[in-house]
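Reviewing the structure listed below.
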Amino acid sequence: MNISIITVGKLKEKYLKLGIAEYTKRLSSYAKVQEIEVADEKAPEHLSEADMILVKQKEGERILAKISPDTHVIALAIDAKQRTSEEFARELDQLATYGKSKIAFVIGGSLGLSDDVMKRSDDTISFSKMTFPHQLMKLVLCEQIYRAYRINRNEPYHK
């Protein structure tokens, strides 16, 4: 399985980098994980609705340029369906079973994802109705992917 985690913006926080590095190292026994960061669009603090759409479109173009046609895309979106860890594990296992060897998880910037990215997505997932920094979600996603592999192999992992 080849897993790409595509995020908008550069991760700066050392503690998050360390956590993500730990989980990607653990995941290397199960899958090839590639982290892809695309530049965030510089924008003033207060934007009009039209400007927000434009920022998301520009970031979306950068994201889409990193996704090959044969990749199964899962977008992280706050209003998407929430799953238990077991459901998430089962879905990842089914993707592998049915020949989806390339999966890309997409985490948008502070404004979210463009309509074009959402249309390209084969699925969406939400980890909470709460709002989290997108950099933190990358760490949570890595942990949940790792947990999914442990669940699917009936290997012990703390609950």
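The values are calculated or read from the model by the stated rules, or taken from the named source; none is laboratory data. Because the structure is predicted, anything quoted here is derived from the model rather than measured. Virtual Cβ from ideal backbone geometry, glycine too; neighbours counted across all protein chains shown. Ligands, DNA and RNA are stripped out before the accessible areas are found, and what is left, the full protein with its side chains, is counted by its heavy atoms. Shrake-Rupley method; radii C 1.70, N 1.55, O 1.52, S 1.80 Å.
Quick look at the numbers
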{"read-out": "Angle between the chain longest axis and helix 49-64 axis [Cα atoms, degrees, rounded to 10]", "value": "40 degrees"}
{"read-out": "Calculated Rg and Dmax of the stretch 43-159 using C-alpha coordinates, Å", "value": "15.5, 50"}
{"read-out": "Counting DSSP beta bridges with both ends in the chain, the antiparallel % (nearest 5)", "value": "5 percent"}
{"read-out": "Modelled FRET efficiency - R0 25 Å, Glu155 with Gln34, Cβ distances, 0.05 increments", "value": "0.60"}
{"read-out": "Crossing angle, helix 134-152 versus the chain [Cα axis fit, 0-90 degrees, rounded to tens]", "value": "20 degrees"}
{"read-out": "Heavy-atom surface of the stretch 2-153, accessible at 1.4 Å and reported per residue (Å²)", "value": "56 Å²"}
{"read-out": "Percent RCO, i.e. relative contact order, over the stretch 1-40, from Cα pairs under 8 Å lying at least 6 residues apart", "value": "71 percent"}
{"read-out": "Accessible surface of the chain [probe 1.4 Å, protein heavy atoms]: carbon and sulfur percent", "value": "51 percent"}
{"read-out": "Candidates His134, His72, His46: whichever shows maximal mean-square fluctuation once the chain is modelled as a Gaussian network with Cα springs under 10 Å", "value": "His46"}
{"read-out": "Helix 85-97 axis, angle to the chain major axis (alpha carbon atoms, nearest 10°)", "value": "80 degrees"}
{"read-out": "Loop-located GluC sites (Glu not before Pro) in the stretch 1-97, at most 15 other Cβ atoms within 10 Å (DSSP)", "value": "Glu13, Glu45"}
{"read-out": "The stretch 2-153: relative contact order as a whole-number percent, Cα under 8 Å and 6+ apart", "value": "36 percent"}
